[in-house]
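The values are calculated or read from the model by the stated rules, or taken from the named source; none is laboratory data. Here the structure is a predicted model, which is why all the values come from computation and not from measurement. Heads up, the Cβs are rebuilt from the backbone with ideal geometry, glycines too, and the neighbour counts pull from every protein chain shown. When the accessible area is computed, the model is the full protein with side chains, heavy atoms only, and any ligands, DNA or RNA have been set aside. Shrake-Rupley method; radii C 1.70, N 1.55, O 1.52, S 1.80 Å.
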Amino acid sequence: MNPNPRQLTLLSVVQAQGSVTVEQLADTLGVTLQTVRRDVQRLADEGLLARFHGGVRVPSSTVENIAHQQRESLNAEGKSRIARAVAAAVPNDCSLILNIGTTTEAIARALLHHSGLRVITNNLNVASILSTNPRCEVIVVGGVVRGRDQGIVGEAAVDFIRQFKVDLALIGISGIESDGTLRDYDYREVKVAQTIISHAREVWLAADISKFNRPAMVEVAMLSQIDRLFTDAAPPDPFLTLLADAQVRLDVALT
């Protein structure tokens, strides 16, 4: 198909935010819900969008994540709000682990004014950002560097992290499924993330709204293993119930 100008605008809105409800699209485009639903159906039929109950998201594979540069631009404003909320909650003079992901990189930028932090990371982008803060000590995990996103993975990374027990793990994720499973794509990355979770006194998950109901192949953990979830909009059903049942504190970053 050749999308018309309205459909191209719709696509750009979804690509910018990662996940959008039908009602939000109708308001943004100034058209009726029926018009949006017809456009969404056509675009989904062409594989340009993925539908879920009440909305649409960027299409994704269960076996391969989208490129790092594209992920940086997806819902960048929402990730910035999440990062500011996380940074506001992180105290000075504590130990942290930050893992791979564009959201954790946004958090690293938001932590540049903190002092007395000792940060362990398997993300070279995070290390590069925080190394410019003279009041922060950065420890880089050893292992195999994944060229496409500067993440460090593999058994050497797992063994390195096992030496530590930190105050906070600040982690990102590729998808949260409706049964409360946290999922990602690379089993080597997942092994590192699982080790990070088990070697932190508290685990904070930072996930923008596009991550809810997003499929991925490898199980990282369950919501019940998380202490606090930071996101940029109210999660859809059934996640509020899942979070309450798992006793996970929810922080929605609106500003």
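Figure legend. Inter-residue proximity from the range 84-97: first residues surrounded by 17 or more Cβ atoms within 10 Å (Cβ to Cβ), second residues basic (Lys, Arg), beta-carbon distance below 6 Å, spacing 6+ or different chains. Indicated pairs: Ser95/Arg118. Listed by position, the helices (runs of 4 or more DSSP H) inside the range 30-134 whose residues that are modelled with pLDDT of 95 or more and under 28 Å from Asp227 (Cβ atoms) number at least 2 are 76-89, 102-110, 124-130. Report, by residue number, each residue of the range 2-29 that is assigned to a helix (DSSP H, G or I) and among the polar types (S, T, N, Q). Scanning the range 2-29 gives Gln7, Thr9, Ser12, Gln15, Gln17, Gln24, Thr28.
The selection criterion, being in contact with a strand residue (DSSP E or B) (Cβ under 6 Å, 6 or more places away or on another chain) and basic (Lys, Arg), does not hold for Arg162.
Please verify whether Ile107 is free of Cβ contacts under 8 Å to residues at least 60 places away in the same chain, among the aliphatic types (A, V, I, L, M) and open to solvent by less than 40 Å² (accessible area, probe 1.4 Å), treating the condition exactly as stated. Taking the combined requirement at face value, the residue does not satisfy it. Here is a check on your reading of the model: is Gln247 on the phi > 0 side of the Ramachandran plot and open to solvent by 10 Å² or more (accessible area, probe 1.4 Å)? In short, yes.
Residues are listed down the side, and each one gets a yes or a no for (1) farther than 19 Å from Arg249 by Cα; (2) crowded, with 20+ Cβ neighbours inside 10 Å; (3) at pLDDT 95 or above:
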| residue | (1), (2), (3) |
| --- | --- |
| Gly142 | yes, no, yes |
| Ile152 | yes, yes, yes |
| Leu168 | no, yes, yes |
| Ser178 | no, no, no |
| Asp186 | yes, yes, no |
| Ala216 | yes, yes, no |
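Residues that are of a type in the set (Val, Ile, Thr) and open to solvent by 40 Å² or more (accessible area, probe 1.4 Å) within the range 112-138 comprise Thr132, Val138, listed in sequence order.
When the range 1-10 is examined, which residues are found to be modelled with pLDDT under 85 and open to solvent by less than 20 Å² (accessible area, probe 1.4 Å)? The answer is none; no residue qualifies. Taken over the range 3-59, the criterion of being in contact with a Lys or Arg (Cβ under 8 Å, 6 or more places away or on another chain), within 19 Å of Gly78 (Cα to Cα) and not charged (D, E, K, R) is satisfied by Val14, Gly18, Ser19, Val20, Val22. The residues in the range 190-205 that are open to solvent by 20 Å² or more (accessible area, probe 1.4 Å) and touching a residue at least 12 places away in the same chain (Cβ under 8 Å) can be counted, and the count is 5.
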